[in-house]
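Contents: one structure, followed by commentary.
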Amino acid sequence: MRASLVIGMASLVIVGMAPQAPAQKLKDVLGSIIYPNDARRYEEQAHQNGRPDEEHYWHDYGEGLQKQNYPADARQHEEEARRNGQPAQERYWRNYGEGLRQQGYR
């Protein structure tokens, strides 16, 4: 009985120390790509390395990010703050929207 307990514990330790699967690494990369400019950088890198399928993937991914209309949401919040007489909030949303545009959002 002790032997099976030791084997079970050793198995858990080994599984916990195993390197991440490639799919998990891809998920980690995708989770960190939140700006269109990042996707464009990966697209260009794939082009330079002669990987057309990957290049196409990053192009589509970046296009999808650009279709998200976060700057319009920021403008809406900025306008709402202006109407409500909240200059600090208005300034915050103006700066936030500008930051999004600098990251490649339209």
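The values are calculated or read from the model by the stated rules, or taken from the named source; none is laboratory data. The shown structure was predicted, so the numbers you read here are calculated from the model rather than taken from an experiment. Neighbour counts run over all protein chains shown; Cβ positions are idealised from the backbone, glycine included.
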**Prompt:** If Leu26 satisfies every condition in (1) surrounded by 10 or more Cβ atoms within 10 Å (Cβ to Cβ); (2) modelled with pLDDT of 70 or more but one, which is the exception?
**Reply:** (2)
**Message:** Being aliphatic (A, V, I, L, M) and more than 14 Å from Leu100 (Cα to Cα): is that true of Ala72 here?
**Reply:** no
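I need the helices (runs of 4 or more DSSP H) fully contained in region 40-106, keeping only those with at least 3 residues that are of a type in the set (S, T, N, Q). Even if it seems obvious, please write down each step before you answer.
On the way: elements: 52-67, 70-83, 87-102.
It comes to 87-102.
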